[in-house]
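Some notes on the structure that comes next.
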Amino acid sequence: MIKIFSDYVKIDGESVSLIIKNYSGRAFLVYFGKRLGDAENYEVFDRGSWQSDASNDDGPLSPVVFGSVSEYSSLEPFVRFHDDRGVFCNRFKYVKAEKIDGFYSPLPTSRDKGETVKLTFSDEILKVTVYQYYTVFKGGNVIAAHSEVVNTSDGVITVDGLSSLQLDFVSDKADITYFSGTWKSEFQKKRVEISGGRFEIDSKLGISSATHNPFFTVKLCDKILAFNLIWSGNHKETVEVSPYGRVRIQTGINDYNFNYKLKIGERLVSPEAIFTVSESDDDITREMQNFALKHIVNPKFAYRERPVLINNWEGTGFDFDGEKIYEMAKTAKKVGIELFVLDDGWFGKRDNDLSGLGDWYDNEKKTGGLKILADKIRSLGMKFGLWVEPEMISEDSDLYRAHPEWAMKIPNVTPLRRRSQLCIDICNPDVRKYLTKTLIKLFKDVGADYVKWDHNRAMSDIYSAMLENQGEYFYKYYVGLYSMLAEITAALPDVLFESCASGGSRYDLGMLYYMPQNWASDNTNAYDRLFIQEGVLTAYPQSCMGAHVAGYRKSTPVISLESMFNVASIGAFGYEFDITKATEKQLETIENQVEYYKEHRQLLQYGDYFMLGKGLTESETGGWIVVSKDKTEAVAVIITREIGSKRYRPLFKLKGLDDNAFYKVTMRPQDNVEEVVEFTAYGDALNSYGVDIEDIRWRETDAKETSTAFCSRMFYIKKIR
Ligand code: DGJ
């Protein structure tokens with residue numbers, strides 16, 4: 001609900017309110033927190049000292065949602081631009097607020113919107129106009145915001161930086177949680193408290209990147225604020241604490257090597273930011289996950305059960321042929337696996353990573369005919385999926401030989417290669433047209449049920465002959481890519497897409513908008529995955545997170561097949577190793593796992609997710625629980641990294657169960673554990689006392705499979721009355 005009255009705009013989620021007050025032409029953020037009733041007046045806010053206390057260094061003390069350049073403030077302004085004389089001062093007045101029915105954006109914005117309010121800000125110096133939009137949704141507590149600069153001046157301006165959202169608060173410190181990492185070590189949870197100065201996370205790599213995910217939270221004395229962006233390119237998030245006791249939070253596109261020219265009448269629209277406020281981390285996670293399912297993921301797939309898949313990459317690498325793949329599929333089918341994904345190496349000349357990218361046609365000699373292979377796999381009763389990496393080009397490819405100018409490179413400069421490949425210039429409309437047509441035809445001809453869309457290098461040598469101003473490259477790349485993805489996914493409405501960027505290097509809401517799944521990491525070691533997945537699931541739904549039992553027998557220290565399952569089963573689940581080499585006993589274990597997964601798939605993929613305890617990043621014991629919306633059933637996995645000779649028994653407090661319900665708790669039988677634990681308990685005892693497994697550190701009996709990294713057990717919890 002959005003209300004505009006006297007000087008106020010009141011933006012309500014289900015149980016949060018954000019209130020903005022117009023005070024002398026400035027937009028003060030007077031309140032953001034637990035939902036307030038609709039008072040007849042808000043005299044209470046009139047008592048605040050909103051007047052700016054202009055001094056030389058940091059003038060206006062009060063929190064605003066839009067900071068100008070020329071307001072005696074050392075805090076970051078909302079927008080920066082300059083005219084052709086180099087004049088960069090701006091001084092915006094908050095003019096009006098109005099409710100609107102819809103808005104234009106060349107970028108993906110949240111689906112199924114509720115109400116939107118548009119705030120108009122007018123610059124007194126260069127006469128530029130900026131609009132700030134806030135959207136609320138039916139149910140839930142997430143608000144979306146974005147901005148738009150319109151050149152209403154009388155000459156060309158260049159935009160040097162633009163926020164999607166700014167929120168200021170009265171506080172002298174901020175406790176920030178964010179998720180940083182590298183290839184194979186994505187989403188590592190980090191925390192920092194600042195009581196002065198400026199903290200920044202960003203990406204400069206042309207992709208949202210594993211370095212810093214755009215999701216972050218900020219704790220201010222009594223509340224936790226959470227932010228994310230519907231955007232896959234360079235982003236920047238800042239939290240500043242002013243010596244005057246004010247915190248400014250901003251998020252949006254990165255202004256790094258960004259400048260965007262606007263002729264008179266032209267506009268630039270920012271990506272949409274989403275944000276919420278709560279008193280608990282669990283609520284933040286649930287709000288963010290539910291929002292992604294309801295308002296980001298393609299509704300056709302948002303609540304659709306995901307198939308159990310097998311991918312050949314870790315099993316074969318490039319070294320396979322059609323027969324090998326068919327053998328793998330046959331064995332996989334026997335144990336109940338539903339989808340075969342043929343990864344890198346099936347096309348052009350591609351027996352290693354030195355060549356072939358761009359040649360999206362069958363290497364018939366290797367596959368024995370892609371369509372024939374796909375049909376053979378389908379006739380086993382399985383679905384068929386295919387890997388592509390369309391945003392790249394190999395210099396040793398037919399496509400490059402025909403169109404060297406399609407590669408992303410600066411004229412007369414030798415470009416930087418990474419993984420021996422170049423990026424392709426998505427800013428070029430011919431490239432987009434060619435790729436869109438070629439890929440739609442390929443996927444239709446093969447009858448692909450699933451597509452893995454990979455992206456294996458950061459961008460460098462940023463240049464497009466199609467652009468007059470290369471400072472617009474990063475923005476226009478994504479306008480182009482998103483339009484391609486919209487066309488391809490619309491032409492193939494039944495194909496399940498999974499985005500991947502060497503694992504989780506482009507794990508963001510922009511990609512999730514078009515591709516309902518994202519491969520979390522190339523690191524498939526179940527121990528490392530504990531931390532990666534815990535990070536991902538803080539903000540993104542489990543049904544969207546690709547997670548496989550893999551690295552089989554490569555894991556050091558050795559991890560049992562059962563623990564690998566317990567870890568991977570909280571995602572869009574599958575296997576990734578050469579299953580033809582599995583022993584009969586291993587196949588039996590896998591068959592049991594697949595059967596169990598399918599039985600509880602709905603719950604595992606769409607139940608409400610809670611991280612147990614402080615999480616495994618911060619403690620030795622933890623795990624997760626997923627609870628059905630009606631709280632009648634749940635699946636929990638408990639994990640201890642504390643193995644060895646300690647005498648105490650770890651306790652695992654569950655979460656989210658109905659305190660008053662009486663539940664039966666049954667352990668999933670594991671091939672490395674002799675005993676199956678079963679007991680009954682009230683929800684309050686499970687939530688407040690927990691699960692107490694006497695010998696979680698001792699009973700992994702199979703000599704070959706003994707876990708030396710961590711121990712885990714899975715439970716099914718069913719309400720009896
Ligand atoms: C990186 C991906 O993350 C892997 O899963 C695999 O698809 C390789 N690329 C193939 O080149």
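The values are calculated or read from the model by the stated rules, or taken from the named source; none is laboratory data. Bear in mind that the values here come from a model prediction, so they are computed numbers and not experimental data. Cβ placement follows ideal geometry from the backbone for every residue including glycine, while neighbour counts extend to all protein chains displayed. All accessible areas refer to the heavy atoms of the entire protein, side chains included, with ligands and DNA or RNA removed. Shrake-Rupley method; radii C 1.70, N 1.55, O 1.52, S 1.80 Å.
For the range 490-540, the alpha-carbon coordinates run over 39, 19, 16 Å along the three principal axes, in decreasing order.
Kindly report the accessible area of the chain per residue (heavy atoms of protein chains, probe 1.4 Å, no ligands, DNA or RNA), in Å². Value for the chain: 37 Å² per residue. Taken about its Cα centre, the chain carries a charge dipole of roughly 560 debye when the Cβ of each Lys and Arg holds +1 and the Cβ of each Asp and Glu holds -1. All Cα-Cα separations within the range 577-621 were binned at 5 Å from zero, giving a P(r) of 5, 18, 13, 13, 15, 18, 14, 4, each value a whole percent of the pairs.
Computed 3J(HN,Hα) for the range 290-295, one whole-Hz value per residue from the Karplus formula 6.51 cos²θ - 1.76 cosθ + 1.60 where θ = phi - 60°, is 5, 4, 4, 5, 7, 10, glycine and proline marked x. Dipole size of the range 308-433 about its Cα centre, with +1 on Lys/Arg Cβ and -1 on Asp/Glu Cβ: approximately 320 debye, rounded to the nearest 20. Share of carbon and sulfur in the accessible area of the range 214-366 stands at 47%, probe radius 1.4 Å. Once every Cα of the range 453-549 carries one equal point scatterer and solvent is ignored, give the base-10 log of I(q)/I(0) from the Debye formula at q = 0.12, 0.22, 0.25 Å⁻¹, two decimals. Normalising to I(0) and taking log10 leaves -0.47, -1.14, -1.29. Here r is the Cβ-Cβ distance between ARG649 and GLU675 and R0 is 22 Å; the resulting FRET efficiency, rounded to 0.05, is 0.90. Give the distance, in whole Å, between the Cα centre of the range 324-394 and the Cα centre of the range 225-269. First find each Cα centre; the distance between them is then 41 Å. The portion of the accessible surface of the range 549-678 made up by carbon and sulfur, rounded to a whole percent, is 49 (1.4 Å probe; DNA, RNA and ligands excluded). Close amide-amide hydrogen proximity is noted between LYS219 and ASP175, ILE176, THR177, LEU225, each under 5 Å apart and 5 or more residues distant or on a separate chain (H modeled in the peptide plane; Pro and chain starts excluded).
The alpha-carbon atoms of the range 217-273 define a convex hull whose volume equals 128 cubic angstrom per residue. Modelled spin labels at VAL413 and SER122, positioned 7 Å past Cα toward Cβ, are 4.3 nm from each other. Expressed as an acute angle from 0 to 90° and rounded to the nearest 10, what is the orientation of the C-alpha long axis of helix 473-491 relative to the principal long axis of the chain? Rounded to the nearest ten degrees, it is 50. Under the classification rounded if a/c is under 1.5, otherwise prolate if a/b is larger than b/c and oblate if not, where does the range 558-663 fall, given a ≥ b ≥ c as square roots of the Cα gyration tensor eigenvalues? Judged from the Cα gyration tensor, the range 558-663 comes out oblate (a/c at least 1.5, b/c at or above a/b).
Dipole of the range 509-600 computed with +1 at Lys/Arg Cβ and -1 at Asp/Glu Cβ about the Cα centre; of PHE531, PHE573, ASN592, farthest Cα towards the positive end is PHE531. In the range 101-178, one over the average inverse separation of all distinct C-alpha pairs is 15.0 Å, which is the Kirkwood hydrodynamic radius. In a DSSP loop and with at most 11 other Cβ atoms within 10 Å, there are no trypsin sites (Lys or Arg not before Pro) in the range 203-239.
Surface composition of the range 392-499: carbon and sulfur atoms hold 53% of the protein heavy-atom accessible area at a 1.4 Å probe. Proximity of backbone amide H atoms, modeled 1.01 Å from N, is registered between LEU357 and SER394 at under 5 Å, excluding neighbours fewer than 5 places apart on the same chain. Remark on GLY607: its backbone amide H falls under 5 Å from none of the residues 5 or more positions apart or on other chains, H modelled at 1.01 Å from N.
Derived value for the range 119-235: Kirkwood hydrodynamic radius 16.7 Å. Basis is the mean of 1/r over every pair of different alpha-carbon atoms. Each part reduced to its alpha carbon centroid, the range 567-643 and the range 476-536 end up 21 Å apart. Indicate the gyration tensor shape class of the range 247-309 (rounded, prolate or oblate), computed on the Cα atoms with a ≥ b ≥ c the square roots of the eigenvalues: a/c under 1.5 is rounded; otherwise a/b larger than b/c is prolate and the rest oblate. It is oblate, given that a/c is not under 1.5 and a/b is not larger than b/c.
Listed peptides 666-672, 533-539 appear in the order 533-539, 666-672 once ranked by packing, highest mean of other Cβ atoms within 10 Å at the front.
For the chain, take the longest principal axis of its alpha carbons; what is the angle in degrees between that and the long axis of helix 370-379, to the nearest 10 within 0 to 90? Once rounded, one gets 70 degrees. Rounded to the nearest whole angstrom, the semi-axes of the ellipsoid equivalent to the chain, taken from the Cα gyration tensor as √(5λ), stand at 44, 35, 20, largest first. Dividing the Cα radius of gyration of the range 269-412 by 2.2 N^0.38 Å, with N the residue count, gives 1.41.
3J(HN,Hα) along the range 563-580: 5, 4, 5, 4, 7, 6, 5, 8, x, 6, 8, x, 10, 8, 6, 7, 5, 5 Hz, from the Karplus curve 6.51 cos²θ - 1.76 cosθ + 1.60 with θ = phi - 60°, whole Hz, x for Gly and Pro. Computed from Cα positions, the angle between helix 429-446 and the longest principal axis of the chain comes to roughly 30 degrees.
Loop-located chymotrypsin sites (Phe, Trp or Tyr not before Pro) across the range 72-121 with a Cβ neighbour count of 10 or fewer within 10 Å are TYR104, with loop assigned by DSSP.
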